Structure formats: C-alpha cells, structure tokens
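Novice: This is the structure I want to talk about, given as structure tokens.
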Amino acid sequence: MKAKDNLVEKIIVALDVAEREKALSLVDELPEVRWFKIGLELFTSCGPSLIEEIKDKGHQIFLDLKLHDIPNTVAGAIRAAVRHGVSMLTLHIFGGREMMLKAREVAQEESQRKGLTSPKLIGVTILTSLNDEDLELLGLKEKIAPQILRLSHLARECGLDGCVCSPQEISLLRQEHGPEWLLITPGVRPAWAASNDQKRILSPAEALNLGASFLVIGRPIIGQPSPRQAFLKLIEELKS
Ligand code: C5P
C-alpha cells in the first residue's frame, strides 16, 4: 500500500438507513470517519438538510443519487448539491456527453460563485446488478467489460473525475486511466465480516493495493454491534 497515513481518507461509510435519528447517531458514533455516503434511500427519506447537518459535524459528503436526466435538470440538481456543500457525487454516464459536460461546467461555476471547492463528479458505468443478458434486453449488444472501458473514457473526456467500479474492474481501469482518475469501489469485505449479498468481493487491502482510490463500506461497519470498533479495526488492519 502506498500511503499508510491517509487510510481514513479512503474509506467512505455508507449510511444505508432510512431514519434521520439512526443516521445521525451513526455519525456521532463514528467521529474518526472522514467520509459518509448518503444514498437514494436516506436522501429521499430525510432531504438535503441532513447533508448540512453531517457536514457541520466535520465530515465530507459523498452524495450517491446516480443522477440521470436531461442536461438542464441534472445541472439544476448539481447546483443544489454544490450549495449544500457536497464533496463528491454520482451521475450516470448513460446520461450522455452533453449532460456530463454541463454537469462539469455548472459544478465549477456554482462552486466558484460560492467560494467552495468543486465537488468531484463520479460516473456510474453499468450497474453491477445488470448482466450481459439484461443489457441485451435493453438493446445493448456489447459485453459489459468493453462497455465499461468505453464509458469510462467518455466520462474522462467530459471532465468527470472518476467512476464507480467493482473490485474486478480496478486493475483494468487503473491501468487504462493512470494514477489521477478516481476509482470508487463498493463490494469490499474485511475477512471478519459477512459477505451479505455482495458476490464478487475483495478485502479492503486487496482493493487498495490494486489501485482503488476510495472504498465504500456499509454493513461491515454500520451493521456491527460497535460500528466504531469495526471501523478502527479495519483501519488497523489496513495499516498492518
Ligand atoms: O453494506 P455494503 O458494504 O454492501 O454497502 C455497499 C454500498 O455500496 C451500498 O450503499 C450499495 O448501495 C453501494 N453499491 C454496491 N454495489 C454497487 C454499487 C453501489 O454495493 N455496484
């Protein structure tokens, strides 16, 4: 592993809960965590005020809403996310070139206007819930692997900062895009945690060694009797 000191910076804890109180109590239980992910469920349940509340406690927010709409609508959502102080957010690369270019442009414009750092824009390639057969039903004949490569190149050309990728894709995408491109990887499991419904898992250390920039971890931390102990154990293991 390259840098052992900033390991905490590389872990995004997924707040996959539906209630504001539960989310905030997890945040309070996890003071060492730098990044929290707010996804569709929590955002739809609690609204954007939760972003500011968690941010005010000193954390960074990864807003995982996987935006996918016409350029003008996505641009509006991104302006709002910037105003709420989100540090990183996801959008579907399938939204197309114009949508991504517009997203990049308004993220920069709105951040400058507010005197903030522009959020990192992270593209979603192909959802891991889809297989080759599902894609064919959607009229997409190309296999998943070449599609992921093509989509990631398009996203980079449009100025996105990185993409979400499964543990299986880290090596290929890292090789393809060099060291700066951000790879955000869910589906990692420490040896002591249950695999749950994640099928193709790697350990956090393996994923970081292959070149993941950030790991998204939910249940192995928030589903433990002591989330804080689980988080600290994970960091200790990564250090060693
Ligand atoms: O609990 P677990 O560690 O499996 O949570 C992983 C997080 O990453 C969840 O928020 C899940 O929605 C997200 N995710 C995933 N697999 C993907 C994309 C996102 O598990 N392919």
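The values are calculated or read from the model by the stated rules, or taken from the named source; none is laboratory data. All of these numbers come straight from a predicted model, not from anything done at the bench. All Cβ positions, even for glycine, are placed from backbone atoms using ideal geometry, and neighbour counts span all protein chains on display. Remember, those area values only see protein heavy atoms, side chains included, never the ligands or the DNA or RNA. Shrake-Rupley method; radii C 1.70, N 1.55, O 1.52, S 1.80 Å.
Novice: Tell me, yes or no, whether the range 61-80 has at least one residue that is touching a strand residue (DSSP E or B) at 6+ places or on another chain (Cβ under 6 Å), among the acidic types (D, E) and either within 16 Å of the ligand (Cβ to nearest atom) or touching a residue at least 12 places away in the same chain (Cβ under 8 Å) (or both).
Specialist: Yes, that holds for at least one residue.
Novice: Something else: Can you find, within the range 12-27, the residue that is farthest from L215 (Cα to Cα) among those that are within 16 Å of the chain's Cα centre (by Cα) and open to solvent by less than 10 Å² (accessible area, probe 1.4 Å)?
Specialist: Only one residue tops the list, namely L15.
Novice: All but one of (1) outside any helix (DSSP H, G or I); (2) under 15 Å from V33 (Cα atoms); (3) of a type outside the set (A, V, I, L, M, F, W, C) hold for Q198; state the number of the condition that does not hold.
Specialist: Going through the list (1) outside any helix (DSSP H, G or I); (2) under 15 Å from V33 (Cα atoms); (3) of a type outside the set (A, V, I, L, M, F, W, C), Q198 breaks only (2).
Novice: Looking at (1) surrounded by fewer than 16 Cβ atoms within 10 Å (Cβ to Cβ); (2) more than 16 Å from the ligand (Cβ to nearest atom); (3) more than 15 Å from the chain's Cα centre (by Cα), which one does E9 not meet, given that it meets all the others?
Specialist: (3)
Novice: Something else now. Look at the range 106-147 and say how many of its residues are touching a residue at least 40 places away in the same chain (Cβ under 8 Å) and either under 21 Å from K199 (Cβ atoms) or open to solvent by 60 Å² or more (accessible area, probe 1.4 Å) (or both).
Specialist: Of the residues in that region, 4 qualify.
Novice: Suppose we filter the range 90-113 for residues that are of a type in the set (V, I, T), within 15 Å of K66 (Cα to Cα) and part of a helix (DSSP H, G or I); how many remain? Step through it out loud before you land on a result.
Specialist: Filtering the range 90-113 down to residues of a type in the set (V, I, T) leaves 90, 93, 106.
Imposing the further condition that a residue be within 15 Å of K66 (Cα to Cα) reduces the set to 90, 93.
From the residues that got through so far, the ones that are part of a helix (DSSP H, G or I) too are 93.
Number of matching residues: 1.
Novice: Please verify whether P227 is within 15 Å of the ligand (Cβ to nearest atom), in contact with a strand residue (DSSP E or B) (Cβ under 6 Å, 6 or more places away or on another chain) and open to solvent by less than 50 Å² (accessible area, probe 1.4 Å), treating the condition exactly as stated. Show your work before the answer.
Specialist: Working: within 15 Å of the ligand (Cβ to nearest atom): yes; in contact with a strand residue (DSSP E or B) (Cβ under 6 Å, 6 or more places away or on another chain): no; open to solvent by less than 50 Å² (accessible area, probe 1.4 Å): yes.
Considered against the rule, which asks whether it is within 15 Å of the ligand (Cβ to nearest atom), in contact with a strand residue (DSSP E or B) (Cβ under 6 Å, 6 or more places away or on another chain) and open to solvent by less than 50 Å² (accessible area, probe 1.4 Å), P227 comes out as no.
Novice: Got at least one residue in the range 150-167 being charged (D, E, K, R), modelled with pLDDT under 95 and buried (at least 18 other Cβ atoms within 10 Å of the Cβ)?
Specialist: Within the range 150-167 (the criterion being charged (D, E, K, R), modelled with pLDDT under 95 and buried (at least 18 other Cβ atoms within 10 Å of the Cβ)), the answer is no, since none of the residues qualifies.
Novice: From the residues in the range 38-51 that are open to solvent by 30 Å² or more (accessible area, probe 1.4 Å) and within 18 Å of the chain's Cα centre (by Cα), which one is farthest from the ligand (Cβ to nearest atom)?
Specialist: The residue in question is P48.
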